[in-house]
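Quick notes on the structure that follows.
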Amino acid sequence: MKILGLSKSTVKEYFIKGKITFAVYGLGKMGLPLATILANYGAKVIGVDINEEIVKKINMGISHIENEPELDSLVKKNVEAGRLYATNDGIYAAKKSDVQIILVPTLADDKGNLNLKSVFDIAETISKGLEKGDIVITESTMPPGTTEKLIPILEKSGIKIGDFGIAHAPERTMSGTAIRDITLQYPKIIGANSIETLEAVKGIYEVINRKGVISMSSIKAAEAVKVFEGVYRDVNIALANELALWCEENGLDALEIIRAANTQPYCHIHMPGAGVGGHCIPIYPWFIINSAKKTNMELLVKARERNDFMPRHIVELTIKALNKIGKALKDSNILILGLTFRGGVKEFRKSPALDIIKELKEWGAKIFVYDPICTPKDAVKLGVMWKEDYKDIDAIIITNDHKEFKELDISLIDKQIRNKIIIDGRNILDSKRLDKKGFIYYRVGYIPER
Ligand SMILES: NC(=O)c1ccc[n+]([C@@H]2O[C@H](COP(=O)([O-])OP(=O)(O)OC[C@H]3O[C@@H](n4cnc5c(N)ncnc54)[C@H](O)[C@@H]3O)[C@@H](O)[C@H]2O)c1
């Protein structure tokens, strides 16, 4: 099927009639939901992954992704219907497909220095099966300008750009809500090499995305959209953190002020907290900082520094609370609730808990951890102890917002804990209730005098 050059409406028609075959490279937290949704709307989908276990499981109709609502049943249904099939053979998938979508991680270190090997490797693979009329789409988040670097690799096929199309359509989802986000939540952003490619790609995403598409003037502009979203979050969280620190110094409650300020429609102050984790928000600012030609990206750098400082501040709050009862950190048992960087997602990358553990170790504290979606083995890997009760604990630190933590049994804690201290790095507990029970309860932006 030569998809390039077809009108948008023809692409839509062929898609739902199962006349278009997609190859989705990378069947992870984002790739598997996308592959499954494409199949569910009628397309034939070949999912490609280097991990043989993942391929085997998917071909048995089993999703390997946890905590992704609807995904299990959608994988089963579409594999059984013969619309979704997984393989390790990327060249075969390229030969058999009309549209090749790349959705593998763009790995970066803490300063945004990228390792794009997987993306370039996949482009090499696709070039061995590329045909005239095919369209290659990158969905992975990338520094603006990256997708076009794939063109010379794809041209190794002997086919020139124009005879095949290339586009960037950034994946704008979050683990845990992927199906909803891809189909219902936000418009799809698209940048393409030509009007023809744009037309066909619009047809594809208009089928699966109820919010439609936004066409950008270039591939690079489309890449910048996703990066800007992350930068916006990072800088605004840094702002909230900085204002919260000022509140602590001035005896004010940051949350009370932020909630009131945000009733004005132009004010959107974010939540202060224990820090920014994951492989997206703390990394994307560096894509911009590292590629700035003349402008000093001081604001973005300072925001990164402010957010990276927050885990240390959580430890400072813990020391302050312990000092109030005449205890030193080195003689205390600290229970960290939360290992993952955010609630409901088992992802440790740049998790504030890791920095808090490191800092507490330097102070000589005895550290225990618990996280409802982790295992004691995860604790062992971090060199800390797993604990499922509050006995002999001097202070609890909450680092993420798992729903189980929002519903903590305060009466049980009250009964078991040795010293009643809670440092809430995610603003999830009720200060009034804890005050009543005589806890020392601090949040970022709230150190009440008692
Ligand atoms: N997870 C999120 O919440 C999220 C949010 C926003 C953006 N993203 C972006 O989405 C992209 C994908 O992330 P993810 O969370 O799905 O990653 P993931 O780690 O969950 O999955 C990646 C998959 O790709 C496979 N893979 C790696 N190299 C491969 C190769 N050369 N060929 C075929 N398969 C290969 C891996 O085996 C794995 O199954 C990244 O660019 C990420 O920045 C993810």
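Quick rundown of the values:
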{"item": "Taking THR177, THR375, THR138 and counting other C-beta atoms within 10 Å, the order from fewest to most", "result": "THR375, THR177, THR138"}
{"item": "Ranked ASP89, ASP134, criterion: other C-beta atoms within 10 Å, fewest first", "result": "ASP89, ASP134"}
{"item": "Inter-label distance, nm, simple model (7 Å from Cα along the C-beta direction), LYS294/ASN323", "result": "4.8 nm"}
{"item": "Global form of the chain, assessed from the alpha-carbon gyration tensor, a/c cut-off 1.5", "result": "prolate"}
{"item": "Partners for LYS44 among aspartates and glutamates (Cα-Cα distance below 19 Å; same-chain residues under 8 apart left out)", "result": "GLU13, ASP72, GLU80, ASP89, ASP98, GLU131, ASP134, GLU139, GLU206"}
{"item": "Cβ-derived FRET efficiency at R0 35 Å, TYR232 paired with THR10, nearest 0.05", "result": "0.40"}
{"item": "In sequence order, calculated HN-Hα J values of the stretch 54-64 (Karplus, 6.51, -1.76, 1.60; Hz; x Gly/Pro)", "result": "4, 4, 4, 4, 4, 5, 8, x, 10, 7, 9"}
{"item": "GLU407 paired with ASN113, simple spin-label distance in nm, labels 7 Å along Cα-to-beta-carbon", "result": "4.5 nm"}
{"item": "Fewest-first sequence of LYS220, LYS415 by Cβ atoms within 10 Å of each Cβ", "result": "LYS415, LYS220"}
{"item": "With Cα atoms, 0 to 90° folded angle of helix 117-127 axis to the chain main axis", "result": "10 degrees"}
{"item": "Theoretical FRET efficiency, 1/(1+(r/R0)^6), r = Cβ-Cβ of MET385 and LYS96, R0 45 Å, to 0.05", "result": "0.30"}
{"item": "Three-way shape call for the stretch 8-217 based on the alpha-carbon gyration tensor, with the a/c threshold at 1.5", "result": "rounded"}
{"item": "Stretchable slack from ASN51 to LYS211, in nm (0.36 nm times residue separation minus alpha-carbon distance)", "result": "54.3 nm"}
{"item": "Trypsin sites (Lys or Arg not before Pro) lying in DSSP loop within the stretch 242-328, provided at most 12 other Cβ fall within 10 Å", "result": "LYS293, LYS294"}
{"item": "Within straight-line cross-link reach of LYS111, lysines at Cα separation under 25 Å, skipping those fewer than 8 residues along the same chain", "result": "LYS29, LYS149, LYS220, LYS226, LYS293, LYS294, LYS302, LYS346, LYS350, LYS358, LYS361, LYS381"}
{"item": "Selected from GLY275, LEU382, ILE102, residue furthest toward positive end of dipole (the chain; charges at beta carbon)", "result": "ILE102"}
{"item": "Those aspartates and glutamates that a straight Cα-Cα span of less than 16 Å connects to LYS415, excepting residues fewer than 8 apart in one chain", "result": "GLU388, ASP389, ASP392, ASP394, ASP435"}
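Here, each number is a calculation from the coordinates, and none is a lab measurement. What you see is a predicted model; the values in this text were computed from it and never measured. Backbone-built Cβ (ideal geometry, glycine too); neighbour counts: all protein chains shown.
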